[in-house]
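Novice: Just dropping this structure here.
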Amino acid sequence: MPVTRLDHRNLWQRRTPLTQWAIWLGWLALAVLFVFSWQVMNKNTIWLFVEDAPRQAADLLSRAWPPRWSYLDKLWGPLWDTINIATLGTVLGIVLATPIAFLAARNTTPSAALLRPVALLIIVSSRSINSLIWALLLVAIIGPGLLAGIIAIALRSIGFIGKLLYEAIEEIDGTQVEAVRSTGASSWQVMDYAVWPQIAPAFAGISVFRWDINIRESTILGLVGAGGIGLQLQSSLSRLAWAEVTVIFIVILATVVLSEWVSARVRAAII
Amino acid sequence: MTSAATPTRWTRPPLIRNAWLRWGLYLGLLIYLIAAASTLDVNWQRVLDGLGNSWRVIGGFFTPDFTTRSRDIWQGMVESLTMTVTSTVAGCLVSIPIGLGAARNIAPLPVYAVCRSIIAISRAFQEIIVAILFVAMFGFGPFAGFLTLSFATIGFMAKLLAEDIEDIDEAQAEAIRATGASWWQVINYGIQPQVMPRLIGLSLYRLDINFRESAVIGIVGAGGIGATLNTAMQRYDYDTAGAILIMIIAVVLAAEYISSHLRKWVQ
Amino acid sequence: MLRVSSLSKRYKTGDEALRGVSFDLPAGQVVALIGPSGSGKSTLIRCINRLVKPTGGSIEFNGTDLTRLGGRGLRRARRHMGMIFQEYALVERLTVMENVLSGRLGYVPFWRSFLRRFPRADLDKAFALLERVGLSDQVDKRASALSGGQRQRVGIARALEQDPELLLVDEPTASLDPKTARQIMRLIREVCRERGLPAIVTLHDVPLAKTFADRIIGLRAGEIVFDGEPGALDTAMLSEIYGEEDWTQIHADDEAEAAHDDAQLREERMAGLT
């Protein structure tokens, strides 16, 4: 009750004193947590290096500029690989994620007690592990190369696409489903005529959105040996050839901006 | 169009009306897929050998070893968690002024341009790439990781905050402005109440993301559990790697659970 | 034709939506089902084609007991019952033609429906029905591009495309303006006359029910309290159905009850979607 009476006058406060105190306490706890974390984190930080950073940065810049443009010729192949990793990985991810999404959605799962938790677990595991870690594992299993990159991208995409898609499935309009079911349609026909038309736009939008993210992620998979332009980055970094690194960064930046533009255009056209 | 000539054939109208464009797109897609698949160049022998050995890697998940390298795991986990907290707080604080500056309806054009370019730069670069640069400048360790994650948080939060502010109900801000309120008062009374709940929700969401990212930037030397994981993988110590992955999934699950509850409580 | 005997439905929450409802429906008769919100009208209609599973009693349709059916048998029975919905319930993103053809889903194998290659006879029928409801120039439009009255006409065409032996109509006019509502009701009665189709129509508009129905059944709290000619429905009877108070007024309680009822229905609907 924010209005209280004191000396026959109404006193107004935005919140009751108790909530106000709770809110202040919350912020205080956050500040304490921050300071504590800061101290634990920086226990081993050598501040000399940090103070030295501006000089290091200037040094880095002087070696990175001007970019060695001649290196560009060697980048087209890896760039093509990078785009392929992203695209094929996205396609594979979609193929794997779609059935999982249907198993995970409350209204389409054939078994809420058994299959739904399994599908949700797959989605969560896939989402919590970054594609770089998936690549690390896959390079260990099937060896370095594009295939490891493609599968890593696909495995990471399952969680993303699966989660957004199953949320879209759970939000569909039940009366449209009921109407098609009342004509005597089989479950598969209900999927085809009532469920799928309702989620198709979301499906396309999510896929293109994930492709855009995958382009970004596939540029660095090479750092752990999973192919693409990241391999070049790794070798330039290990040789401290910063002028080459600059060229690679510019190429990556251009690709990312372009893919983001494409994805935005496609999504605008769908919706 | 009446029944003079009732059509007897019906096909579903295609998604793309122009037949040339439609078949051209299908053909282009097919050619691309063939070209992409042909450059794949997979060493199937290696893959088969690897799959044979894969039980060792996958087995690591079922026989996770938390004890042998518990000191390394513990330190990596502490670094990751502290990095996550500090970078989320710092990143969110910095992103508020930048987000305000990047909202076209409250910021003057020059400020808008500067803030939008900061956001664009932060979003264009992968965390890993930023981490490489920060490690080169600030040396190995979680401090570089903290800077990386803060930088990424700024781009993420400021963009969403700016979009939120641009989407607010103008009438409410207008009404406050009509009372003769100053710029700060308009922000405080007309805009903050509308965007604050979502802002808190987003920062909790970003906390999740930052933890996940903190698990990988260690691979390029920016501290955290990723460094421990990378070392374990290089030593073919898959049991430890399995243990680390299980811990990552567990923390992400817990964080998601807690943040969804906190979000409900805040809103 | 259709014989409903002591039908009852109790939802999981314990609410009794229907208690011992019995009636016969001869061929060609249009029955209006009236009653306050939450009296079980929608539940009754959905029990007949088993979108909602009744908890007791039997429904005999052309000699088979629908309450015992399941799987293929149930789908076979459903395809002979056309249903028309309150909010049209068209699949918004499909074209008008696809919506009408979806009435054949119970008859064609999956591959035909998936490739949209329906038998010639089905297509001819669909074109004729669209002509009948006055929409032959909207064939390839998306359902979402039509007006309310046009959508309900597509809904009628979809139901008739099933070659139904019974029409179940749930508040067909609730989201339409008064003039369109009368046109739609007239259309429903005409097609029933043309085909000798029996129909059960839930309505909350009493004058509309009196004008267009051959017989009126009044439900109250899940029980039949009136069953007879429209002429026999006088003010006293209406008070009996809608409660002792002035039945022309809207009660806030009823609205809340209706919302509750809707929520339960939705839960059942979603549960059945597998």
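The values are calculated or read from the model by the stated rules, or taken from the named source; none is laboratory data. Please read these numbers as outputs of a predicted model, since none were measured by experiment. Backbone-built Cβ (ideal geometry, glycine too); neighbour counts: all protein chains shown.
Novice: Looking at (1) of a type outside the set (Gly, Ala, Ser); (2) within 13 Å of chain B (Cβ to nearest Cβ); (3) more than 20 Å from residue A:250 (Cβ to Cβ), which is the one condition that is false for residue A:96?
Specialist: All conditions pass for residue A:96, except number (2).
Novice: Could you pull out the residue among C:128, C:159 that is out of contact with any strand residue (DSSP E or B) (no Cβ under 7 Å at 6 or more places or on another chain) and among the small types (Gly, Ala, Ser)?
Specialist: Numbers: C:159 fails: out of contact with any strand residue (DSSP E or B) (no Cβ under 7 Å at 6 or more places or on another chain).
One residue alone meets the criteria, C:128.
Novice: Just need a number here: residues in region A:176-188 that are in a helix (DSSP H, G or I), crowded, with 24+ Cβ neighbours inside 10 Å and of a type outside the set (D, E, K, R).
Specialist: Residues that pass the stated criteria total 4.
Residue-wise test of (1) aromatic (Phe, Trp, Tyr); (2) within 24 Å of residue A:261 (Cβ to Cβ); (3) touching a residue at least 60 places away in the same chain (Cβ under 8 Å).
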position: A:194; (1), (2), (3): no, no, no
position: A:201; (1), (2), (3): no, yes, yes
position: A:204; (1), (2), (3): no, yes, yes
position: A:213; (1), (2), (3): no, yes, no
position: A:220; (1), (2), (3): no, yes, yes
position: A:223; (1), (2), (3): no, no, yes
position: A:228; (1), (2), (3): no, yes, yes
position: A:233; (1), (2), (3): no, yes, no
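Novice: One residue is enough: does region B:40-54 have a residue meeting the conditions more than 10 Å from every other protein chain (Cβ to nearest Cβ) and within 31 Å of the chain's Cα centre (by Cα)?
Specialist: No, that holds for no residue.
Novice: Do we find that residue C:83 is part of a strand (DSSP E or B) and either more than 12 Å from chain A (Cβ to nearest Cβ) or touching a Leu at 6+ places or on another chain (Cβ under 7 Å) (or both) in this structure?
Specialist: Taking the combined requirement at face value, the residue satisfies it.
Novice: Checking the structure you have, find out if any residue of region A:41-56 is in a helix (DSSP H, G or I) and either hydroxyl-bearing (Ser, Thr, Tyr) or under 28 Å from residue A:257 (Cα atoms) (or both).
Specialist: Within region A:41-56 (the criterion being in a helix (DSSP H, G or I) and either hydroxyl-bearing (Ser, Thr, Tyr) or under 28 Å from residue A:257 (Cα atoms) (or both)), the answer is no, since none of the residues qualifies.
Novice: How about region A:61-90: which of its residues are at the interface with another protein chain (Cβ under 9 Å from one of its Cβ atoms), surrounded by fewer than 18 Cβ atoms within 10 Å (Cβ to Cβ) and either not aromatic (Phe, Trp, Tyr) or not in a helix (DSSP H, G or I) (or both)?
Specialist: A:77
Novice: Which of the residues that make up region C:12-70 are surrounded by 22 or more Cβ atoms within 10 Å (Cβ to Cβ), farther than 21 Å from residue C:197 by Cβ and among the β-branched types (Val, Ile, Thr)?
Specialist: Matches in region C:12-70: C:21, C:43, C:52.
Novice: Give me a count of the residues in region B:97-121 that are surrounded by fewer than 15 Cβ atoms within 10 Å (Cβ to Cβ) and more than 14 Å from chain A (Cβ to nearest Cβ).
Specialist: 8
Novice: Working carefully through the options A:125, A:157, find the one that is buried (at least 24 other Cβ atoms within 10 Å of the Cβ) and either under 12 Å from the mean Cα position of the chain (by Cα) or within 10 Å of chain B (Cβ to nearest Cβ) (or both).
Specialist: A:157
Novice: Residues to consider are B:198, B:212; find the one that is basic (Lys, Arg) and under 30 Å from residue A:225 (Cβ atoms).
Specialist: B:212
Novice: Hey, can you tell me all the residues within region A:99-114 that are surrounded by fewer than 19 Cβ atoms within 10 Å (Cβ to Cβ), of a type outside the set (Gly, Ala, Ser) and either at pLDDT below 90 or not in a helix (DSSP H, G or I) (or both)? Spell out the reasoning first.
Specialist: Narrowing region A:99-114 to residues surrounded by fewer than 19 Cβ atoms within 10 Å (Cβ to Cβ): A:99, A:106, A:110-114.
From the residues that got through so far, the ones that are of a type outside the set (Gly, Ala, Ser) too are A:99, A:106, A:110, A:114.
The answer is A:106, A:110, A:114.
Novice: Out of (1) within 14 Å of chain B (Cβ to nearest Cβ); (2) surrounded by 23 or more Cβ atoms within 10 Å (Cβ to Cβ), what's the single condition that is false for residue C:185?
Specialist: (1)
Novice: State which residue is farthest from the other protein chains (Cβ to nearest Cβ) when the search covers only region C:113-127 and only residues that are in a helix (DSSP H, G or I) and surrounded by fewer than 16 Cβ atoms within 10 Å (Cβ to Cβ).
Specialist: Selected residue: C:121.
Novice: Do we find that residue B:10 is of a type outside the set (S, T, N, Q), assigned to a helix (DSSP H, G or I) and free of Cβ contacts under 8 Å to residues at least 40 places away in the same chain in this structure?
Specialist: Here the answer is no, as residue B:10 does not meet what is asked.
Novice: Does region C:136-155 include one or more residues that are under 23 Å from residue C:194 (Cα atoms) and part of a loop (DSSP other than H, G, I, E, B)?
Specialist: Yes - at least one qualifying residue is present in region C:136-155.
Novice: Here is a list of conditions, (1) more than 25 Å from residue B:240 (Cβ to Cβ); (2) more than 14 Å from every other protein chain (Cβ to nearest Cβ); (3) free of Cβ contacts under 8 Å to residues at least 24 places away in the same chain; (4) surrounded by fewer than 18 Cβ atoms within 10 Å (Cβ to Cβ), and residue B:30 meets all of them except one; can you say which number that is?
Specialist: The failed condition is (2).
Novice: Any residue in region B:207-221 that's facing chain A (nearest Cβ under 10 Å): show its pairings with residues that are of a type in the set (Ser, Thr, Tyr) and surrounded by fewer than 20 Cβ atoms within 10 Å (Cβ to Cβ) at Cβ separation under 8 Å, as long as the two are six or more apart or on different chains.
Specialist: The qualifying pairs are B:208/B:259.
Novice: Something else now. Residue by residue through region B:220-240, note down the ones that are buried (at least 24 other Cβ atoms within 10 Å of the Cβ) and closer than 20 Å to residue A:230 by Cα.
Specialist: Once the filter is applied, which keeps residues that are buried (at least 24 other Cβ atoms within 10 Å of the Cβ) and closer than 20 Å to residue A:230 by Cα, region B:220-240 yields B:220, B:222, B:226, B:227, B:229.
Novice: So for region C:64-79 (the condition being at positive phi, touching a residue at least 24 places away in the same chain (Cβ under 8 Å) and assigned to a loop (DSSP other than H, G, I, E, B)), does at least one residue qualify?
Specialist: no
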